[in-house]
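Asker: Questions regarding the structure given below will be posed in turn.
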Amino acid sequence: MAPEDGEDLARRPGLDLAGNVPAVADWLAGVDGPLVLGNYVYADGATNVRVASAVDALTLRLQAERRDVALAFLATPTDVFAVPADAVARSVRAYAGRSWSAKLGGGSLRALSGGRLLRPAYPPGADPGICDGLVSQQGPNYVLAKRLQRWRATVARDSGATVSMNVAPPTRTRSVTKNRVLAAAYAGAPRFGLEVFEPATTKTLMAALLVHDLHTGGGPEQAHPWQDEAHAAAHGGMWCVPYAPRSALGLAALLGYTAARNKAQRGGSLPDQRQPRVGVLSAA
């Protein structure tokens, strides 16, 4: 909703951020004490880019008027990241240590799919490795909105601002579970060594990391921006799984859909058939 002229924004239950950045900036510019601006906005489709751009414009306005603005972001795990050598090494070990049946079945699937399924995540020794976790079902608007946040975090940190930008784990949020393919993929993901978090757990973990960052000036300074992103990344094991994420996504969805259907038919709980966890928190 749009605020009326002269109305106190602090007493309104909400506002149209995308259409009223100047009013929000004027309000926040007058707030006493240090200010932490969290960019946690989300909307479906192209509106996601609009609101992300609005928060970015708000960020620039506030930084121009105040010197005590800290910025906070949550990076999605379903993006492309440079990852440290220790995550690459864990992935390579997990791939080499597969069971004989997994190796036989994986080889057959790769051959039948022309090499698209169950590809190894990294070449051995990569430093850094590149984890391509983009999910086509989330669409280009989602990717662009999250990339705007990552660029703002990088630029702001380079200019000396306090920035908390941490990679959040795969989480069963409403925006994920309402997509049937993603919901099924998350249900089947533990079979490939990926830990999917409940929303309450993610909130607690990411809040603790935010508090830590605010008390340490954004955490230790790294030599390169990708290392800032990789430090303390709560990727849920996505950076360490044996397979390139998209090469296993379809199979995870199939397994998740089948398991969910069987569970509904039995009326019971799912058996724990996960592989051993291969790391859910990284430090660069």
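Please treat every number below as a calculation from the coordinates, not as lab data. Since we're looking at a predicted model, the values are computed, not measured. Note that each Cβ is placed from the backbone with ideal geometry, even for glycine, and that neighbours are counted across all protein chains shown.
Asker: If you keep only loop residues by DSSP, which trypsin sites (Lys or Arg not before Pro) in segment 42-83 have at most 13 other Cβ atoms within 10 Å of their Cβ? Can you show the working numbers first?
Answerer: Numbers: sites: Arg50, Arg61, Arg66, Arg67; in loops: Arg66, Arg67.
Here the sparse-neighbourhood loop sites are Arg67.
Asker: For Asp68 and Ser99 in one chain, what is 0.36 nm times their gap in residues minus the Cα-Cα distance, to one decimal in nm? Before the final figure, lay out the partial values.
Answerer: Details: separation 31, 0.36 × 31 = 11.16 nm, distance 5.39 nm.
Gain on extension, Asp68 to Ser99, equals 5.8 nm.
Asker: Under the 0.36 nm per residue contour assumption, what length would be gained going from the current alpha-carbon distance of His224 and Ala111 to full extension? Display every interim value, and only then the final one.
Answerer: Details: separation 113, 0.36 × 113 = 40.68 nm, distance 3.83 nm.
Answer, rounded to one decimal: 36.9 nm.
Asker: With θ taken as phi - 60° and the coefficients 6.51, -1.76 and 1.60, list the Karplus ³J(HN,Hα) couplings across segment 129-141 in order, rounded to whole Hz; mark glycine and proline as x.
Answerer: Result, rounded to whole Hz: x, 10, 9, 9, x, 4, 10, 4, 5, 7, x, x, 5.
Asker: Something else about it: Would you mind listing how long segment 76-123 runs along its three principal axes, going by Cα atoms, in whole Å with the largest first?
Answerer: 30, 21, 18
Asker: Further question: Residues with beta-carbon under 12 Å from that of Val83, excluding Val83: net charge, scoring Lys, Arg +1 and Asp, Glu -1?
Answerer: -4
Asker: Short version: ³J(HN,Hα) in whole Hz for each residue of segment 25-30, in order, from phi by Karplus 6.51 cos²θ - 1.76 cosθ + 1.60 (θ = phi - 60°), x for Gly and Pro, what are they?
Answerer: Listing the rounded values in order: 4, 4, 5, 5, 5, x Hz.
Asker: Sequence-distant or interchain residues sharing an amide H contact under 5 Å with Ala75, placed H: which?
Answerer: Counting only residues 5 or more places away or on other chains, the set is Asn166, Val167, Ala168.
Asker: Report the extension gain between Asp127 and His212 in nm, rounded to one decimal, defined as 0.36 nm multiplied by the number of residues separating them, less their alpha carbon distance.
Answerer: Numbers: separation 85, 0.36 × 85 = 30.60 nm, distance 2.73 nm.
The Asp127-His212 span can extend by a further 27.9 nm.
Asker: Follow-up. Using the alpha carbon gyration tensor of segment 142-181, what are the three equivalent-ellipsoid semi-axes (square root of 5 times each eigenvalue), largest first, in whole Å? Before the final figure, lay out each step's value.
Answerer: Working: eigenvalues 154, 26, 7 Å².
Semi-axis lengths for segment 142-181 are 28, 11, 6 Å.
Asker: Run the count for the chain, please: Lys pairs, Cα-Cα under 27 angstrom, 8 or more apart or on different chains. Walk me through the numbers before you get to the answer.
Answerer: Details: Lys146/Lys178; Lys146/Lys203; Lys178/Lys203; Lys178/Lys263.
Qualifying lysine pairs in the chain: 4.
Asker: Further, regarding this structure: Divide, for the chain, the radius of gyration over alpha carbons by 2.2 N^0.38 Å, where N is the residue count. Kindly include the intermediate steps, with their values, before the conclusion.
Answerer: Numbers: Rg = 20.9 Å, N = 284, 2.2 N^0.38 = 18.8 Å.
This ratio for the chain stands at 1.11.
Asker: Moving to a separate point now. As a test of understanding, state the convex hull volume per residue of segment 34-91 from its alpha carbons, in Å³. Please list the in-between numbers first.
Answerer: Working: hull volume 7.1 nm³, N = 58.
Measuring per residue, one finds 122 Å³ for the Cα hull of segment 34-91.
Asker: What distance in nm separates the two pseudo spin-label positions at Ser53 and Leu254, each 7 Å out from Cα along the beta-carbon direction?
Answerer: Between Ser53 and Leu254, the simple spin-label model gives 4.0 nm.
Asker: Let me ask you something else. Separation of segment 37-77 and segment 166-213 by C-alpha centroid, Å?
Answerer: Spelled out, the Cα-based centre of one part sits 21 Å from the other.
Asker: Let me ask another. If you average 1/r across every pair of different Cα atoms in segment 204-257 and take the reciprocal, what Kirkwood value do you get, in Å? Don't jump to the answer; show the numbers that get you there.
Answerer: On the way: mean 1/r = 0.0731 Å⁻¹.
Result for segment 204-257 stands at 13.7 Å.
Asker: Continuing with this model, one more query. Give the percent of DSSP beta bridges with both residues in the chain that are antiparallel, rounded to the nearest 5. Each step should come with its number before you reach the end.
Answerer: Values: 5 of 16 bridges.
Just about 30 percent of them are antiparallel.
Asker: Next question. Can you tell me what percent of all Cα-Cα pairs in segment 14-110 are more than 20 Å apart?
Answerer: 58 percent
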